[in-house]
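The values are calculated or read from the model by the stated rules, or taken from the named source; none is laboratory data. Since this is a predicted model, take the numbers as computed values, not measurements. Cβ placement follows ideal geometry from the backbone for every residue including glycine, while neighbour counts extend to all protein chains displayed.
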Amino acid sequence: MRLLYANRMNAIKSIVFIFTLLFFLFPTNRQLKAQEGKDLFAVCAACHTIGGGKLIGPDLKGITERRNEDWLIKFIQNSQEQIQAGDKIAVQLFEEFNFIPMPPNNLSDDEVKILLSYINNPTGEAAVLQPTTEIVEPKEFVIEPAYMKKANSRNYGTIFYLALILLIIAFSDLVFTRIIKAKFVHIITMLISVFIMGEIIVVEAQSLGRQQYYQPEQPIAFSHKIHTGQNQINCLYCHTTASESMYAGIPSTQLCMNCHAVVKSGTTTGTKEIAKIFKSLESGKPIEWIKVHNNPDHVFFSHAQHVAVGKLDCVDCHGPVETMDLVMQVNDLSMGWCIECHRTQEVQFSNEFYANYKTLHEDLNSGKRSIITVDNIGGNDCQKCHY
Amino acid sequence: MKKYWQSIEAYNSLKNNHEIAEDKVSEFSVEGMSEEEKKGETSRRDFLKMLGFTVGGAIVAASCETPVRKAIPYLNQPQEITPGVANYYASTFFDGNDYCSILVKTREGRPIKIEGNELSPISKGGTSARVQASILNLYDNNRLKGPTINRESIDWNTLDTQITEKLQLLAIQNKEIVLLTSTIISPSTKKMINDFLNTYPTAQWITHDAISYNAIRKAHETQFNQAVIPSYDFSKAALVVGFNADFLGTWLSPVEFAKQYSAARKLLNGEKTMLRHIQYETTLTITGGSADERTPIKSSQEKTILLNLFSTLSNSLKGTVYSLSDSSVNVTALANELLENKGQSIVVSGSNDIETQLIVNAINNILGNYGSTLDLAHPSQLKQGNDEAMISLMERMKNGSVGGIIHYNTNPAYNYPEAKKYIDGLDKIELSISFAESMDETAMLCQYVAPDNNYLESWNDAEPKIGFYSMTQPTIKNIFDTRQAQDSLLKWMGATQNYQRFIEKYWEENLFNKQSTHLIFKSFWNQSVHDGIFVSEEKLSANYSFNEAALKATEVSTKKGLELFLYEKAGIGSGNFANNPWLQELPDPISMASWDNYLCISPSLSKQLGLSTEDVVSINNKFEMPVLVQPGLQKDTVAVALGYGRTSAGKVGNQLGTNFYPFIQIKNDLRKTFGSNVNIEKLEGKTYPLALTQTHNTMEGRSLVRETTLDKFTKDPASGNEQHALDAAKDATLYTKPEFTGFRWGMAINLSACIGCGNCVMSCQAENNVAVIGKKEVRNRRIMHWIRIDRYYSEESDNPSVVHQPVMCQHCDNAPCENVCPVAATPHSGEGLNQMIYNRCIGTRYCMNNCPYRVRRFNWFEFANNNDYDYNMNNDVGKLVLNPDVVVRSRGVVEKCSLCVQRIQEKKLLAKKENRQVMDGEIKMACQASCPTDAITFGNMLDPKSEISKVNKNPRNYHLLEHVHTLPSTSYITKIRNKKS
């Protein structure tokens, strides 16, 4: 992959090109399926609603009745082209919506049609999206998830000290005070307390360096619950490189500005937190987030492998982020946890890449295997992650 | 079986039919150990100390809070950057000596690796060790951090004002301003210099090369009326005769020549003929080592031999015949061979001697090589240094007639033979400026230093040959407060445009009209920057006529004493990269010594003087130097490498070895690297340690390298490889055979192609974050290189035949290392890789002990963040070169070649994302990708159509130590020499 360095695009408005990153959300060789309309709309949902009122862009309810299809296809594919060509409706829309351009979308005509038919008839509740300005707190977000209970039950400290005190009491009675005559009582008590302490030490030692339930305060009170839970913004809208690179990517300040150029006041913190974004932009200092999910240096982990190839959901590893105001590491990210998943997770074996694995294909066809798991194709080899 | 020997001691024992003595040096160094430790005892106190430390350490580790790690995104993410995904930019390497078209791999905007540019018709995707290592120069903490005046830092504005004022004053006073540069091959820079000369009419432009090639240009001027160096095409030749021209290692354009040369010598696709190479040389070089026939000659004899050769040829071809003078070498056979290959041969000489070069040209002319293998229409632009101009400059400097001097990419205070005079002359100059990247010897003496950008931070263009253009583009913003030299000159000329714009303008005005593909300049420019190259149709007029000039071979006056021959090492070259620890630690491909230069003496001389390697001699009673017994060196000659003895190169390069530039002779207005005489005297009892990386004496009777001759090969392709069939017949095992599905990676190395240049070692070092450990640890045999190039000698010690064999982890299916690891830190992968898992390794080193190939490396110390190993991994700037995909290993773990598993994984992931299979040849190992001889093949052995499967079926294919039944995934292809019998 070679890139032109010569043609640096300093001059182009940064908003425009951050938007262009959205390209990546549309793999070109995508198979056309009717239900993909919903997926396609996930990107649009960052700025548009269907029947939920204006956001950054117009409410799209009934759009096919307002405009003709050819115009829509052209405009969705590349709105700037239309505007520059002087299309009256396009220019008017551009002015009406604060000159925020809609990024060009790398969609075929057919894909746009699928998208439009979805907008015409969004099925299921989730499709009726709520605008940001309304405070909606559906019940399921309030329920405390199961992992939180687990977090509370892991305070072993008290038990450890109780066991230690028991051990000391039993030992001193055995040697000095001798209140209880039957010695086996001491011995059994001591053994039990030593066992309890030992187990706690082992469990604690194993989790050394791990950060399960790590939930640091962030420099900005950014809430995933509001952004991805309530507003249904696709994870990949901000974490743009998760399907491309080993890193999921923390959004740049400019990317925040895509929406917050318009949304200047939040629902819970008002302008206080959002103002920090503007401050970062003005001062030229990027926002220093605290990293929640850390892998040791000797681990090579690729998001692209898991997201783009393995087709895993973000929540499979990161937990129900859409319910968290402050992100917490839900899983322990231990090697055992990785391996366990590799043993059970089915590989997307229809990927042409795996055509090489002839014996596995034979096994699959002959019924010798019902599924191909990650470890069948060497996913548990050490050097898949450690090099 | 042919007997191989690796050192002179081994050779002597072979000669005397003695069993080769066991290696005397103990396996582990005991330097600095207490008596108890030497015995291998651990005292009770030590045990308690360690116990206490372990417990204490564990407590401290347990009580530490997890560090807070930050994730800092871009403020405004550049469009072309995807964090975690590498970008490649085409660019050009040119350091004043070597040219190479390259691709620069950048991660998150930081260059980390150099690959060859396959689009280039010159370097064709190859690089050299120096090109690979040049990436580390970018991150040299020793570089100047900003402009200085008299070694005090100032800001650029003050510097510009002061210098412009002074330059204008000198121009008014009508005093000479000298612009002293290295060879410049950039057409834009040349134009800019001309503009500069027009702005300051008293200015003079003088080109100075550290190692001069001036005689070739002068000879062509005499005979062809064109002061050029022709371009040589070894791929068109059937016979190459080299005279002291190390064209595969250092001479003129080694990458280009190595590509052409090796392509004609691989014999993998059923060819029946191969390029024949005969070399006459003084000291043994990799070029001589690769030759089919090699004859050691005294460099002073060279022109006599050449004149005899010319006369013999001339005699048959009815030309001028010169009376034959005495010569130790019979040239009749050579002349006959050349006559058989008329018009498809090349004769080259590396001597900077006008008489020699005139004879060489006459020979090439009489053989009709001009126009076929030698091209005068597309002459090389490299090495434009003018010795005469330099001599007259010295004169003018002495007179005080020079008012100002500007040094660009040149360091005469170090590498001019009369450096002392130069330094004195510099004192008399009112205005002295240097563009040096670091405070080198010349910059130290200059008033102003306006530090230049590294080439990876610069815009530039290049024209290494007429009509072949090449582009340099910045791949990183300048790290320090430096400014490109061209921009400085433009500023001082009062020009408002910057150099980038200047190049664009030059290309628009001069090159755009030389192509017809692009209609708009912008598209032509973008294409050229993208590709890194542009080839136009232009050439010099093909109408050259040969002016017969009287040839002569004036006897070089031979004073008493030994003749001194000066040569360049493939890694260090002329010494401009002396502060590069990778290059310093790269063992010389022939002597296997790193970190030093030394006096090479021939085996017979060593016998005569009672000298052996590491003994110290005094040279001309002036200074002392260690000796190294170098087989193949002409017996009346001693040889020393140039490029050492820097005094102001930087922390790494200072005071390594001795500077021999003062021994270059200036005769007939030319600088010669031979001809001076030295007296040497043994200093009894005095020794100096040399860091040799290969000292083991023998192959222990096993055929590690296998070779044959072309004659035998044409009769039986498996000749020389008979052992393979014998070993294969004994293939039986108690173990279950490993089974693979999907992939089984394998590698093959063609010994016929390998010239031992060391590019793969440097490429691997850059790719895999291999640590530099310094001279002391190299001596302790702890060198960390994942790939080493073994060098074997055979036949006579006066003129041995040489084979190079790159050895890295062989990735055995039946790996002896795997089953001795007590913690399973080195298991086998399902794709045939022998994996090394650092975080699991506890450092027992059982695997190293059990590895028959000695390819595993142990981290005896922490090599990063350790002041004892103060190289690039000990400072923040130097660490920027590290490959983020590969772990930096810590103390106490074993490491080794991983078959670039990060590259395999990267391309596999790419294929998965694109829903396709991995293509054959898509995954390239670091050592393979930029190999200038394409000696290495890599691929999936389960795919019967893959290149590696084809190579593995070749009858020349064999494995190292097949009889041990380790079943390696790496194989070798026998070497073929183009010889009778």
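Taking B:ALA935, is it of a type in the set (A, V, I, L, M) and over 29 Å from B:SER719 (Cβ atoms)? So B:ALA935 fails the test. On the phi > 0 side of the Ramachandran plot, in a loop (DSSP other than H, G, I, E, B) and under 17 Å from the mean Cα position of the chain (by Cα) - does that describe any residue in segment A:210-228? Yes, because at least one residue in segment A:210-228 is on the phi > 0 side of the Ramachandran plot, in a loop (DSSP other than H, G, I, E, B) and under 17 Å from the mean Cα position of the chain (by Cα).
Of all residues in segment B:193-225, those satisfying the criterion of being in contact (Cβ under 8 Å) with a residue 40 or more places away in the chain, surrounded by fewer than 23 Cβ atoms within 10 Å (Cβ to Cβ) and among the aliphatic types (A, V, I, L, M) are B:ILE193, B:ILE206. Residues considered: A:ILE119, A:ILE180. Of these, the only one that is modelled with pLDDT of 80 or more and crowded, with 16+ Cβ neighbours inside 10 Å is A:ILE119.
Give segment A:310-355 a look and list any residue that's assigned to a helix (DSSP H, G or I) and either within 27 Å of A:PHE222 (Cα to Cα) or in contact with a strand residue (DSSP E or B) (Cβ under 8 Å, 6 or more places away or on another chain) (or both), or say none. Selection gives A:CYS314, A:VAL315, A:ASP316, A:CYS317, A:HIS318, A:VAL321, A:GLU322, A:THR323, A:HIS342, A:ARG343, A:THR344. In segment B:881-896, the residues that are in the same structural domain as B:PHE863 (by TED's automatic domain parsing) reach residues that are part of a loop (DSSP other than H, G, I, E, B) and of a type in the set (Asp, Glu) with C-beta atoms within less than 7 angstrom, at least six apart or across chains, in these pairs: B:VAL887/A:ASP297; B:SER890/B:GLU862; B:ARG891/B:GLU862.
When you go through B:ASN759, B:ASN750, B:ASN721 one by one, which is the residue that is closer than 24 Å to B:GLU281 by Cα and crowded, with 17+ Cβ neighbours inside 10 Å?
Details: B:ASN750 fails: closer than 24 Å to B:GLU281 by Cα; B:ASN721 fails: closer than 24 Å to B:GLU281 by Cα.
The unique qualifying residue is B:ASN759.
Could you please let me know if A:ARG343 is basic (Lys, Arg), within 14 Å of chain B (Cβ to nearest Cβ) and either in contact with a His (Cβ under 7 Å, 6 or more places away or on another chain) or surrounded by 13 or more Cβ atoms within 10 Å (Cβ to Cβ) (or both)?
no
Among residues of segment A:105-122 that are among the polar types (S, T, N, Q), those with a beta-carbon under 7 Å from a residue that is in a loop (DSSP other than H, G, I, E, B) at least six positions away or on a different chain give the pairs A:ASN105/A:PHE26; A:ASN106/A:PHE26; A:ASN106/A:THR28. Among the conditions (1) in a strand (DSSP E or B); (2) away from every other protein chain (no Cβ under 14 Å), the only one that B:MET471 does not satisfy is (2).
As for segment B:500-513, it holds no residue that is at pLDDT 90 or above, more than 30 Å from B:ASN409 (Cβ to Cβ) and within 14 Å of chain A (Cβ to nearest Cβ).
Residue under question is B:ARG646, and the condition is that it be at pLDDT below 90, more than 29 Å from B:GLU795 (Cα to Cα) and either in a loop (DSSP other than H, G, I, E, B) or out of contact with any Leu (no Cβ under 9 Å at 6 or more places or on another chain) (or both); does it hold? Full working, then the answer.
Values: at pLDDT below 90: no; more than 29 Å from B:GLU795 (Cα to Cα): yes; either in a loop (DSSP other than H, G, I, E, B) or out of contact with any Leu (no Cβ under 9 Å at 6 or more places or on another chain) (or both): yes.
No: the conditions fail for B:ARG646.
Exactly one residue out of A:GLY319, A:GLY266, A:GLY270 is surrounded by fewer than 16 Cβ atoms within 10 Å (Cβ to Cβ), of a type in the set (Gly, Ala, Ser) and away from chain B (no Cβ under 14 Å), and it is A:GLY270. How many residues, within segment A:283-309, are in contact with a strand residue (DSSP E or B) (Cβ under 9 Å, 6 or more places away or on another chain), assigned to a loop (DSSP other than H, G, I, E, B) and among the aliphatic types (A, V, I, L, M)? Within segment A:283-309, residues that are in contact with a strand residue (DSSP E or B) (Cβ under 9 Å, 6 or more places away or on another chain), assigned to a loop (DSSP other than H, G, I, E, B) and among the aliphatic types (A, V, I, L, M) number 1.
With respect to the conditions (1) farther than 26 Å from B:PRO121 by Cα; (2) under 28 Å from the mean Cα position of the chain (by Cα), B:ALA203 falls short on a single one, namely (2).
Do any strands (runs of 3 or more DSSP E) entirely within segment B:45-134 hold 1 or more residues that are facing chain A (nearest Cβ under 10 Å) and in contact (Cβ under 8 Å) with a residue 40 or more places away in the chain, and if so, which?
Numbers: elements: B:87-94, B:99-107, B:110-116.
So the answer is B:87-94, B:99-107.
On inspection, A:SER280 passes the criterion of being in a helix (DSSP H, G or I) and within 8 Å of chain B (Cβ to nearest Cβ).
For the subset of segment B:379-408 comprising residues that are in a loop (DSSP other than H, G, I, E, B) and in contact with a strand residue (DSSP E or B) (Cβ under 9 Å, 6 or more places away or on another chain), which member is surrounded by the fewest Cβ atoms within 10 Å (Cβ to Cβ)?
Within segment B:379-408, the first condition is being in a loop (DSSP other than H, G, I, E, B), and the residues that meet it are B:381-386, B:400-401.
With the extra rule that they be in contact with a strand residue (DSSP E or B) (Cβ under 9 Å, 6 or more places away or on another chain), the set shrinks to B:381-386, B:401.
Values: B:GLN381: 22, B:LEU382: 22, B:LYS383: 23, B:GLN384: 21, B:GLY385: 24, B:ASN386: 21, B:SER401: 12.
Among those residues, the one meeting the criterion is B:SER401.
Residue by residue through segment B:931-981, note down the ones that are touching a Cys at 6+ places or on another chain (Cβ under 8 Å) and in a loop (DSSP other than H, G, I, E, B). B:CYS931, B:PRO932, B:THR933, B:ALA935, B:THR966, B:LEU967, B:PRO968, B:SER969 - these are the residues of segment B:931-981 that are touching a Cys at 6+ places or on another chain (Cβ under 8 Å) and in a loop (DSSP other than H, G, I, E, B).
Yes/no per residue for (1) buried (at least 20 other Cβ atoms within 10 Å of the Cβ); (2) more than 30 Å from B:THR709 (Cβ to Cβ):
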residue: B:ASP798; (1), (2): no, no
residue: B:MET808; (1), (2): yes, no
residue: B:PRO816; (1), (2): no, yes
residue: B:GLU831; (1), (2): yes, yes
residue: B:ARG856; (1), (2): yes, yes
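Listed conditions (1) among the charged types (D, E, K, R); (2) part of a loop (DSSP other than H, G, I, E, B); (3) more than 7 Å from every other protein chain (Cβ to nearest Cβ) are all met by B:ARG903, apart from (2). Applying the criterion of being touching a residue at least 40 places away in the same chain (Cβ under 8 Å) and within 7 Å of another protein chain (Cβ to nearest Cβ) to the residues of segment A:370-387, the residue that is nearest to the chain's Cα centre (by Cα) is A:HIS386. Scanning segment A:52-77 for residues that are in a loop (DSSP other than H, G, I, E, B) and either in contact with a helix residue (DSSP H, G or I) (Cβ under 9 Å, 6 or more places away or on another chain) or surrounded by 15 or more Cβ atoms within 10 Å (Cβ to Cβ) (or both) turns up A:GLY52, A:LYS54, A:LEU55, A:ILE56, A:GLY57, A:PRO58, A:ASP59, A:LEU60, A:LYS61, A:GLY62, A:ARG67.
Annotation note: of B:ILE354, B:ILE423, the sole residue that is out of contact with any strand residue (DSSP E or B) (no Cβ under 9 Å at 6 or more places or on another chain) and either surrounded by fewer than 23 Cβ atoms within 10 Å (Cβ to Cβ) or closer than 16 Å to B:HIS220 by Cβ (or both) is B:ILE423. In segment B:484-492, is there at least one residue being surrounded by 24 or more Cβ atoms within 10 Å (Cβ to Cβ) and in a loop (DSSP other than H, G, I, E, B)? Taking every residue of segment B:484-492 in turn, at least one turns out to be surrounded by 24 or more Cβ atoms within 10 Å (Cβ to Cβ) and in a loop (DSSP other than H, G, I, E, B). The set of residues from segment A:159-214 being of a type in the set (A, V, I, L, M), closer than 28 Å to A:GLY319 by Cβ and more than 14 Å from chain B (Cβ to nearest Cβ) comprises just one member, A:ILE159. Taking the criterion of being in contact with a Gly (Cβ under 8 Å, 6 or more places away or on another chain) and either within 14 Å of chain A (Cβ to nearest Cβ) or not in a loop (DSSP other than H, G, I, E, B) (or both), the residues of segment B:843-860 that qualify are B:PHE858, B:ASN859.
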